[in-house]
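In what follows, a structure is listed as structure tokens, so that the remarks can point back to it.
The values are calculated or read from the model by the stated rules, or taken from the named source; none is laboratory data. Owing to the predicted nature of the structure, the values given are computational and were not obtained by experimental measurement. Heads up, the Cβs are rebuilt from the backbone with ideal geometry, glycines too, and the neighbour counts pull from every protein chain shown.
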């Protein structure tokens with residue numbers, strides 16, 4: 001039976017992208033709480049926060065697989081589906097990097113992050129979280145644009161993407177400052193490696209958010 005023409009426009013892959021973006025965004029609270037807990041001498045629930053992030057990551061993966069495997073046949077897409085999948089991959093890598101950073105942090109409980117570096121790492125976490133919080137806004141804005149191709153909607157999405165790029169740059173500056181401090185401190189080699197790698201992994205969160213924004217910018221380009 002041939003699908004009625006009107007139904008070809010009912011299903012939007014951007015609904016799934018928004019669901020996935022909101023799931024990724026949901027990890028930010030636990031991410032920040034896990035870091036604050038790890039820095040506290042009275043921390044007792046770091047593993048609870050880490051497990052919760054892993055749970056959210058698994059749920060995000062399930063949404064990702066559903067989007068990839070159940071894109072309705074006959075749906076007219078406003079963009080190439082492979083561009084959409086590449087965007088989804090970068091958005092998914094955001095929460096992967098959050099999970100990876102908490103895993104890496106857990107590998108060395110003692111001595112942990114040196115007290116003099118703790119404020120810098122907290123600033124880095126806050127900087128990358130700001131990029132995560134914009135992902136669902138990008139998707140929602142793009143969906144609105146593709147519904148009517150209004151130029152004002154496209155400009156708004158580009159504005160959000162530009163903000164994410166600026167946020168990623170700020171995160172880069174904090175990451176570089178942390179590395180510079182590490183290499184000028186009297187630390188043992190294992191701590192130097194653990195701390196520099198931790199800064200890099202946290203920085204990847206903002207990198208992937210920026211990559212997702214750049215891919216969405218390409219999709220809305222005219």
| request: Give the number of residues within region 79-98 that are assigned to a loop (DSSP other than H, G, I, E, B) and closer than 15 Å to residue 28 by Cβ. | output: 0
| task | Answer yes if at least one residue in region 13-35 is modelled with pLDDT under 85 and under 24 Å from residue 131 (Cβ atoms), and no otherwise. | result | yes
| message | Taking the conditions exactly as written (closer than 26 Å to residue 104 by Cβ and either touching a residue at least 24 places away in the same chain (Cβ under 8 Å) or surrounded by 14 or more Cβ atoms within 10 Å (Cβ to Cβ) (or both)), does residue 21 satisfy them or not? | response | yes
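Residue by residue, here is whether (1) without any contact (Cβ under 8 Å) to a residue 12 or more places away in the chain; (2) over 21 Å from residue 36 (Cα atoms); (3) in contact with a strand residue (DSSP E or B) (Cβ under 7 Å, 6 or more places away or on another chain) holds:
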position	(1), (2), (3)
152	yes, yes, no
156	no, yes, no
204	no, no, no
213	no, yes, no
219	no, yes, no
| request: Restricting attention to region 108-143, report how many residues are free of Cβ contacts under 8 Å to residues at least 12 places away in the same chain and either part of a helix (DSSP H, G or I) or buried (at least 18 other Cβ atoms within 10 Å of the Cβ) (or both). | output: 2
